[in-house]
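Only the coordinates and a few stated rules stand behind these numbers; no lab work does. What you are looking at is a predicted structure, and each value in this text was computed from that prediction instead of being measured. Cβ placement follows ideal geometry from the backbone for every residue including glycine, while neighbour counts extend to all protein chains displayed.
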Amino acid sequence: MADMVNSEKQFSAAVKKLLRCTENQPFDTAVIFGSGLGFPAGELETFHSFAYDELAVLPRTTVQGHEGRLDLCCLGGRRLLLFYGRHHLYEGLSAWEATVNVRLAGALGCRRLLITNAAGGINPTLKPGHLMFVSDHLNLMGDNPLRGRPGAFIDLARLYDRTLFPPLRHYAESHGISLREGVLAAVLGPSYETPAEIRMLASLGADAVCMSGVPEAIMAKYLGFEVAAFSFIANLAAGRGEGPLHHDEVLAQAFRKRDDFSCLVTRLLRQWCGLMD
């Protein structure tokens, strides 16, 4: 019980600390960046930046490519929270613990959440370097952040805002960026899947597979957010390509395609927040 009280105090202290940076003005939209993903320096106007360990409520990140930094930014007058790095169930956390970033964003006023992650391509049309707009998901992680929570029977039939995709696809095509739409399967990890498991996921309708993102989407829906998600196809899933899978290659692929990724994320945020010219 004492740990729970301390955690609630830390959460409240973090909210107050972050709101003081904006003179208690709420934030609009949050973005969670996955492995190696993010905006190049100077892409947005950043007015404050915090390492996660400056905010006791956010655990320190342990996975390479997850920097562990929260930037407070502006885009067209809208206040954004940018989470550089996330926390995973395979690090020993529950789904509730791993979604503290979403709960923090909700307490700060955000009502939109863009989730990004690195994923392995299952659908033959998805190649490394492609981006996939998530239309639906398969939660195979063995946990749900709403387990034990009141009012947990929420409808996920329209979890992801698919109305954003058609104009975004048109924009991507006009800029030579490969963007698809598909179903994302989330598994626990941290080991990569076996070829047999990938064949199973394909038979279930998955276009790509990851180890994150889905708990955050569920929590965001529970809190009343609008939700959108991008998966960056960093590698072909097991049995789809040649050679062993390595996390270093995931990070290298993200770096090579960071301009395309940044371009589409910025476009989606401007479209979503009503900032189009």
For this session: Can you tell me the dipole magnitude for region 44-122 around its Cα centre, using point charges on the Cβ only (Lys, Arg +1; Asp, Glu -1), in Debye to the nearest 20?
Result: 360 debye
Exercise. Where Lys and Arg each count +1 and Asp and Glu each count -1, what net charge lies around ARG199 among other residues with Cβ under 11 Å from its Cβ?
Worked result: -1
For this session: Pull up the DSSP beta bridges for the chain and report the antiparallel fraction as a percent, rounded to 5.
Result: 35 percent
Seminar exercise, completed: When the chain is treated as a Gaussian network with springs between alpha carbons less than 10 Å apart, the largest mean-square fluctuation among LYS17, LYS127, LYS221 is found at LYS17
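Could you tell me what percent of the DSSP beta bridges with both partners in region 82-214 are antiparallel, to the nearest 5?
Counting DSSP beta bridges with both partners in region 82-214, the antiparallel share is about 15 percent.
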Exercise. For the chain, what are the DSSP H helices with axial Cα length of 24 Å or more and mean Kyte-Doolittle hydropathy of at least -0.5?
Worked result: 2-20
Exercise. Straight-line reach from LYS16: which aspartates and glutamates have Cα under 19 Å away, leaving out those fewer than 8 places along the same chain?
Worked result: GLU8, ASP28, ASP53, GLU54, ASP71
For this session: Pull up the cross-link candidates among the lysines for LYS17, meaning alpha carbon to alpha carbon under 30 Å and not fewer than 8 places away within one chain.
Result: LYS9, LYS221
For this session: Based on the mean of other Cβ atoms within 10 Å per residue, sort peptides 180-186, 146-152, 92-98 so the most packed one is first.
Result: 180-186, 92-98, 146-152
Seminar exercise, completed: With +1 on the Cβ of every Lys and Arg and -1 on the Cβ of every Asp and Glu, the dipole magnitude of the chain about its Cα centre, in debye rounded to the nearest 20, is 480 debye
